[in-house]
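Input: a single structure, listed below in C-alpha cells.
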Protein chains: 2
Amino acid sequence: MGRRATTRRIGIADVALKAGVSHATVSRVMNGNFTVDPAIAERVRAAATELNYQPNPVGRSLALGKTDTIGIVVPDLSNPTFQAILRGLSMAAAQDGYRVLIADSSEVSSEEAILAGEARRRCDGLVLCAPRMGDAELEELAPSLHPMVLINRSTLDTRAPSLMVDYGQGIQELAELLVGLGHTRLAFLAGPTRSASNGLRLQGLEKFKAAHPEINLRMLDAGSSFEAGHQSVDSVLASGATGVMAFNDLVAMGLLSGLHERGVRVPEDISVTGFDDIPFARYTTPTLSTAAVPINELGQQAWHRMRDLIRNVSPDAGTEGPTIFLPRLEVRGSTGPAKA
Amino acid sequence: MGRRATTRRIGIADVALKAGVSHATVSRVMNGNFTVDPAIAERVRAAATELNYQPNPVGRSLALGKTDTIGIVVPDLSNPTFQAILRGLSMAAAQDGYRVLIADSSEVSSEEAILAGEARRRCDGLVLCAPRMGDAELEELAPSLHPMVLINRSTLDTRAPSLMVDYGQGIQELAELLVGLGHTRLAFLAGPTRSASNGLRLQGLEKFKAAHPEINLRMLDAGSSFEAGHQSVDSVLASGATGVMAFNDLVAMGLLSGLHERGVRVPEDISVTGFDDIPFARYTTPTLSTAAVPINELGQQAWHRMRDLIRNVSPDAGTEGPTIFLPRLEVRGSTGPAKA
DNA sequence: ACGCTCTGAGAAAACGCTTTCTCACTATTC
DNA sequence: GAATAGTGAGAAAGCGTTTTCTCAGAGCGT
C-alpha cells in the first residue's frame, strides 16, 4: 500500500507528535475550530510552522468529498476562442480558490465522453465547452456529469446551465451591415460541419435569405483556421461576391492575407468580416470588422454558474433556459461600400 | 465526516456486494491482477459494468500516492507563448494519461511561491514557466517543489531540468540580419523589466554592440503587448532607426499597426522584426520577420523531462545543465534593405 | 492417508485527513 | 456538597481505494 518509503512527507501525525496532542486537535487548529485552548492551539501552530506542515490535499479531498478543482473539456486548445474561455474560467475560479484541470479532446468527438467522465470524476464539476458529440450522446451523458455547465450547447437536463452565443443573430447583423453598404452578392465561408455554432450561423443566414430574397448569398466550405481562409481565396474570387463573411476571425485573417497576395484590395474591391473579435482582429491590415463575442465574460459566467451549482444543492430557480450572449458589431476597416 | 448522504456514488463496496465477493477481489479484478479465478473475475466485471462502476480517483490517489496530474504555473495565460507551452504540455502529458492543472499568477511575482507550492501538493510534479520571482526565492523554493521542470529559468538544484530559449543568440541573429540588409541605425523595443528573457536579449545585444561598434543601437522601453508596440511608434520614429527589433511578435505587430496608421511603409521605410513566431506572425501585412521559438516542442519536452523525473527515482544522468533551444530565423516581408 | 506446497480470496491495515462520539474534568447551581 | 451543565481534547470511525497478511482448501507426492 502507499508509495515506497521515500523521504516521507511531513504529515498531521508528525505535528501532533511534536505538539504533544492528538491528530484530531491538529486538524481542529488547522481548520480554525475554536473549541481548542488558545495555549494548545499556539503550540500546535508553532509545531506546524516549524515542521513546515502543509495538509495533504488528497487526504482532505477524500475526507471532505471535494477537490476544489473543476474540469474543462475543450475540442482544441489551439483555438483562441477556447483559450480565452479557459482563461476567463481559470481566473474567475481562482478568485474563489478553485483550480482548473484541462482536457483537450483534439476535435475527436468519440473521445469526448470518456474524457468528460474521467475529468468529472477527478473534479467537483465540469465545464463542457462546445462539445462535438451528437445530441443523443450529450443527452445521455449529461446527468452523469452533474454539476456541469455547458457552453454553446444545451441539454434537456434542466440542472445544467447553458451559456450560448447567438451566432445566428450575429451573422445576420453582419449580413445586414454588408447589405447596408450596398453589397448584393455575398458569400459565407462555412466552418467545420460538426460545429454546432456553424449550424447556428447557417440558420441565421437562412432567416436572412428569407428577409432579403434580392440578395445573392453563396455558401462556401472553408473551415475554422487561418489556412482554411487562405485557401478559400480562389473560391471566393470565383463566386464573384463583393462581401464575404468568414466563419470566424481566423478564417477572415487567412482570407485577408490571401487576397492581399493576389492584389485584391480590401475593402475597396471586397469587404470581409470575421466573427469572435479575437485580440488580433483590431491589428490586422485593414482592421477587421467582426461580431464581438464577449468571450471573457463567458468564461467568467461559466464559473459563476458552476459555483452556484456547487454551493446550492437546490439551485435558486429563476435562471430558466440558456443564457444567451449577443455578439456586438465591431465595424472596422475591412468593410466598405460596394463598388459603384 | 464525508459529505452528507446525497445520492451516494457507486463504490467498490456495491460491486463487491453484487458480485458476492470482497472489496479486495474487486480491486484485484479492476487492476488486472491475475490471481483471481476467471469465473469470479467475470462475475465481478459483469457487476461492475452493470452498476457502471468507475473507481473514485481520489481514493486511488490516496492509496497509490499519485494523482496522474501535473501542475503548471504561468505568469499570464493571455500570453500566446504561455498558451502554446500549456498546449504542448497538455497534449504530450495526455498521451501518457496525465492531466494538467493550471495556476495563473497574473504576473504577481509575490503570489508565485504560494501558488506553486499549492499546485505542487495537488499534483505529481510541477512545471514552473518563466517565473518572475527573484533568483534567491527560486533557489529556496526549488527543492520543495521537486519533481519540477523549469522553463526559461534555471536553478542550482541539479534535479530540476531546465528548458531555456537562447534569446540572446536569437536577438543577435536578428540584429545581424538587419545589418546585413544595410541598416546602421537600430532600435530595440525592450520588454518587461522583470522578465528574465528580456534580460537575455539585452545581454545578447551587448555582445552585438561589442562586435559592431559602428552600429548605432538605441534601447527603448516598450513592454510585451500589442498596445506597448502600438504606443512606441513615436519613440521609434524619434529615434531615427531604420531597423527595429521588437521584444516579441505582439509588440512588433502593434508597431506595424501604428506605423501603418502613420503612413510609414514597412519594409521600405523601416524594417521590423518580432520574436517567438506566434501563429499570427505569418499572416500580418507585411508578414513578420522573426526569430522562431520552437514553442510546441518546448511544452512537449517539458512533459518528457517531467515523465523521466516521475518514473526514475534516480534520473539517468547524461542530461547535465539546461537544455538550450535555439531560435530559428524566419525572414519574411517586414524586413528589407535599408534606404539607399 | 498424511503432510506438503500452492492457489485464491477474505480480513484488515494503510494512505492522510475530518468529524463524530465519548468522556474526563471544571465550573455552576441549589 | 452533590447533581448538572459546560468545555476541551482524545479515541475512533469514516472517506474509497490498494496491498499486505493470513488462512482455508485443493492438489500432489510418498
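What the table shows:
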| read-out | value |
| --- | --- |
| Filter result (within 14 Å of chain A (Cβ to nearest Cβ), surrounded by 16 or more Cβ atoms within 10 Å (Cβ to Cβ) and not small (G, A, S)) within the range B:211-230 | B:F226, B:H230 |
| Flag for B:I72 being away from DNA strand C (no atom under 15 Å from the Cβ), at pLDDT below 95, of a type in the set (V, I, T) and open to solvent by less than 70 Å² (accessible area, probe 1.4 Å) | no |
| Residue within the range A:98-121 that is on the phi > 0 side of the Ramachandran plot, at pLDDT below 95, more than 9 Å from every other protein chain (Cβ to nearest Cβ) and within 16 Å of DNA strand C (Cβ to nearest atom) present | no |
| Qualifying residue in the range B:304-313 (condition: open to solvent by less than 20 Å² (accessible area, probe 1.4 Å) and modelled with pLDDT of 95 or more) | yes |
| Residue ID - nearest to DNA strand C (Cβ to nearest atom), chosen from residues in the range A:21-36 that are among the polar types (S, T, N, Q) and surrounded by 12 or more Cβ atoms within 10 Å (Cβ to Cβ) | A:S27 |
| Residue among B:G243, B:G299 that alone is touching a residue at least 40 places away in the same chain (Cβ under 8 Å), touching a strand residue (DSSP E or B) at 6+ places or on another chain (Cβ under 6 Å) and of a type in the set (G, A, S) | B:G243 |
| Pair list, Cβ < 6 Å and 6+ apart or interchain, from the range B:27-41 residues that are closer than 19 Å to B:L64 by Cβ to residues that are in a helix (DSSP H, G or I) and not basic (K, R) | B:V29/B:A41; B:V29/B:V44 |
| Within the range A:231-331, helices (runs of 4 or more DSSP H) holding 3 or more residues that are over 30 Å from A:D68 (Cβ atoms) and not assigned by TED's automatic domain parsing to the domain that holds A:V149 | A:233-239, A:249-262 |
| Only listed residue being more than 22 Å from A:I85 (Cβ to Cβ) and open to solvent by less than 10 Å² (accessible area, probe 1.4 Å), chosen from A:L189, A:L177, A:L202 | A:L189 |
| Per-region count, the range A:14-67, residues within 8 Å of DNA strand D (Cβ to nearest atom) and not in a helix (DSSP H, G or I) | 8 |
| Lone qualifier among B:L156, B:L145, B:L163 - being without any contact (Cβ under 8 Å) to a residue 40 or more places away in the chain and open to solvent by less than 10 Å² (accessible area, probe 1.4 Å) | B:L145 |
| Residue ID - nearest to the chain's Cα centre (by Cα), chosen from residues in the range B:85-113 that are over 23 Å from B:K66 (Cα atoms) and open to solvent by less than 20 Å² (accessible area, probe 1.4 Å) | B:I85 |
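Yes/no per residue for (1) of a type in the set (A, V, I, L, M); (2) within 14 Å of another protein chain (Cβ to nearest Cβ):
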position	(1), (2)
A:A19	yes, no
A:A24	yes, yes
A:N31	no, yes
A:D37	no, no
A:S61	no, yes
A:G65	no, yes
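The values are calculated or read from the model by the stated rules, or taken from the named source; none is laboratory data. Keep in mind that this is a model prediction, so the values were computed, not measured. Virtual Cβ from ideal backbone geometry, glycine too; neighbours counted across all protein chains shown. The protein model used for the area step is the full one, side chains on, heavy atoms only, and it has no ligands, DNA or RNA in it. Shrake-Rupley method; radii C 1.70, N 1.55, O 1.52, S 1.80 Å.
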